[in-house]
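Notes to accompany the following structure.
Values in this text are rule-based calculations from the coordinates and carry no lab data. Since this is a predicted model, take the numbers as computed values, not measurements. For neighbour counting, all protein chains shown are included, and Cβ atoms are generated from backbone atoms with ideal geometry for every residue, glycine included.
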């Protein structure tokens with residue numbers, strides 16, 4: 001069995017992006033989420049497999065291309081996803097199995113499905 005690649009999880013990522021919290025007024029487009037949040041919302045079998053193949057996400061994992069990086073790459077490969085950047089100073093992320101005191105890098109991507117894709 002080959003390693004999971006970004007293209008292999010795109011349908012799950014799209015579903016998660018489409019179900020992200022909405023703002024006000026109620027129903028106003030799904031908002032931005034980080035790769036860590038998307039990773040946490042993936043089916044547990046996919047999460048566990050990504051960690052087994054790539055290592056735990058976050059600073060200190062010892063792996064430059066860890067599990068959440070596959071999620072980020074999946075987002076980058078989707079033309080209907082808007083990408084912005086977030087300063088991660090002081091932010092703690094949860095990935096379902098552990099807390100990440102620091103992101104792997106001081107700036108992380110945040111991702112949102114473009115509104116016209118959610119009709």
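Points worth noting:
- Set side by side, the residues 46, 38 differ, and just one is under 23 Å from residue 85 (Cα atoms), surrounded by 15 or more Cβ atoms within 10 Å (Cβ to Cβ), under 14 Å from the mean Cα position of the chain (by Cα) and touching a residue at least 12 places away in the same chain (Cβ under 8 Å), which is 38.
- Tally of residues being under 14 Å from residue 113 (Cα atoms) and not in a strand (DSSP E or B) across region 15-26: 7
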